[in-house]
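The values are calculated or read from the model by the stated rules, or taken from the named source; none is laboratory data. Since the model is a prediction, treat every value here as computed from it, not as a measurement. Neighbour counts are summed over all protein chains in view; Cβ atoms, including those assigned to glycine, are modelled from backbone coordinates with ideal geometry.
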Amino acid sequence: MKAPDFDYERPQGLAEALSLLARHGEDAAIIAGGQSLLPLLNFRMAAPELLIDIGRLDELKQITEQDGHIEIGGLVRHCDLAASPLIARILPLLPQAIGHIAHPAVRHRGTIGGSLAMADPAAELAACCLALDGQFLLASERGQRWVGAEDFFHGVYETALASDEMLTAIGLPKPGPDSVCIFKEIARRQGDFAMAGLALVTDVKNGPRIALLGVSDRPMLARQTMAYLKEAPLDDLRIEAAAELIGEEVDPPEDPAYPPAYRRHLVQVLLRQALTELLQ
């Protein structure tokens, strides 16, 4: 199929892009890498009157180190994150996860802002941002506001973005010097959507933050399991108890291909693997 007819604008700066969004609102769609939007257009699952191409907004393509956090522009591509020495040194969870995202062609076009704004429940970077307690900068002509990762995702393909807003940056706190991060997922084949996945960040002071993907209508924190793991040092018995607890905590949606009980089992397997790595 072919995409429906639409008008096209390619703004040269962020202010121009936000002005277009303010004027057209829900009748407009933003395109960056296009890895999610183009299939929707071609299948006529999306039919915007105006397509706003933000590919020339170089101010959104930067990765910078700020006091206490790393700021990533919304147009930074997956491959740029994976290749960044700064990200590898301070936020190694992201390169771990990026290797699981689709295929090289997608990683060379897709952007972190586009992935997060799409709000696919199986998206790797969304779970990573949640595990890292990230903040998202949403901009419009009305101003800017920071929204926490946990408050940003509202459901399948639903976010806190208003129709005139754009996700322009992601702020991720720097983990402590003793922090450890682990990313794991299970898919039928490399590049397929994850049946279940897990992003874990832990340090001595704060204990673990465990974000799950593919088992809810949005990335979710395994809060009960996190609280249990903070109570005492890790050993084999606590690993098994935590796996049982996380199985009770998740409630995967019905899916004829992957029944809830199966996805629940996969989460338990992934947690056992991750916690066993922490013991080694």
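A few comments on the model shown:
- Residues (under 18 Å from GLU185 (Cα atoms) and over 9 Å from the mean Cα position of the chain (by Cα)) located in the stretch 107-151: ARG107, ALA131, LEU132
- Near pairs, Cβ below 9 angstrom, 6+ apart or cross-chain, from the stretch 186-210 (closer than 17 Å to HIS265 by Cα) to any residue that is of a type in the set (Ser, Thr, Tyr) and in a strand (DSSP E or B): ILE210/THR202
- Count of residues meeting criterion [assigned to a strand (DSSP E or B) and out of contact with any helix residue (DSSP H, G or I) (no Cβ under 8 Å at 6 or more places or on another chain)] in the stretch 172-211: 2
- Any hit, the stretch 100-108, residues being part of a helix (DSSP H, G or I), charged (D, E, K, R), surrounded by 14 or more Cβ atoms within 10 Å (Cβ to Cβ) and in contact with a helix residue (DSSP H, G or I) (Cβ under 6 Å, 6 or more places away or on another chain): yes
- Selection within the stretch 216-242 - in a loop (DSSP other than H, G, I, E, B), surrounded by 14 or more Cβ atoms within 10 Å (Cβ to Cβ) and either of a type in the set (A, V, I, L, M, F, W, C) or touching a helix residue (DSSP H, G or I) at 6+ places or on another chain (Cβ under 7 Å) (or both): PRO219, ALA222, LEU234
- Selection of the stretch 45-87 for residues being more than 16 Å from LEU125 (Cβ to Cβ), β-branched (Val, Ile, Thr) and in contact (Cβ under 8 Å) with a residue 60 or more places away in the chain yields only ILE54.
- Boolean, PRO95 is under 23 Å from VAL201 (Cβ atoms), assigned to a helix (DSSP H, G or I) and not aromatic (Phe, Trp, Tyr): yes
- Restricting the stretch 243-280 to residues that are among the small types (Gly, Ala, Ser) and touching a Leu at 6+ places or on another chain (Cβ under 7 Å) leaves a set whose member that is surrounded by the most Cβ atoms within 10 Å (Cβ to Cβ) is ALA274.
- Residue selected from the stretch 9-54 under the condition small (Gly, Ala, Ser) and either in a helix (DSSP H, G or I) or in the same structural domain as ALA102 (by TED's automatic domain parsing) (or both), by the criterion surrounded by the most Cβ atoms within 10 Å (Cβ to Cβ): ALA17
- Of the residues in the stretch 164-177, at least one is more than 30 Å from GLU59 (Cβ to Cβ), loosely packed, with under 15 Cβ neighbours inside 10 Å and modelled with pLDDT under 95.
- Flag for LEU86 being more than 30 Å from ASP255 (Cβ to Cβ), touching a Pro at 6+ places or on another chain (Cβ under 8 Å) and in the same structural domain as LEU161 (by TED's automatic domain parsing): no
- Search result, residues across the stretch 64-92 that are part of a helix (DSSP H, G or I) and touching a helix residue (DSSP H, G or I) at 6+ places or on another chain (Cβ under 7 Å): HIS78, CYS79, LEU81, ALA82, ILE87, ALA88
- Options LEU278, LEU245: the member that is farther than 23 Å from ALA122 by Cα, hydrophobic (A, V, I, L, M, F, W, C) and not in a loop (DSSP other than H, G, I, E, B): LEU278
- Residue check, MET45 in contact with a Ser or Thr (Cβ under 6 Å, 6 or more places away or on another chain) and either under 29 Å from THR202 (Cα atoms) or modelled with pLDDT under 95 (or both): no
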